[in-house]
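Step one of this worksheet: look at the structure below.
Quick note: the coordinates plus some simple rules give every number you see, no bench work behind them. Since this is a predicted model, take the numbers as computed values, not measurements. Cβ placement follows ideal geometry from the backbone for every residue including glycine, while neighbour counts extend to all protein chains displayed.
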């Protein structure tokens, strides 16, 4: 029972805190809370960047939409799954069971 209570508290704590996201060097910011992000060639390719400088230092992280593609790193795709889990829970979607019924 203590294990169940601990697991429940952990889930609730993580849910209230949301998903921690400090930013990535190679992120594609497609929109911000204040409008469309600036299109630049920083970091190789033709990604989008916020107009707040490169890297995560000094960046206002509130209100950014970051694009993650299927060929991006596994860490980026895992972060998307963390966000998706919270959205699914908020919308009341059932979670898929990993064990067959």
Residue 73-residue 33 pseudo-label distance in nm [points 7 Å out on the Cα-to-Cβ vector]: 2.6
Under a crude label model (7 Å from the Cα following the beta-carbon direction), how far is residue 87 from residue 4 in nanometres? 3.2
Neighbour-count order for 88, 5, 72, fewest beta carbons within 10 angstrom listed first: 5, 88, 72
Listing 67, 3, 27 by rising number of other beta-carbon atoms within 10 angstrom, fewest first, gives 3, 67, 27
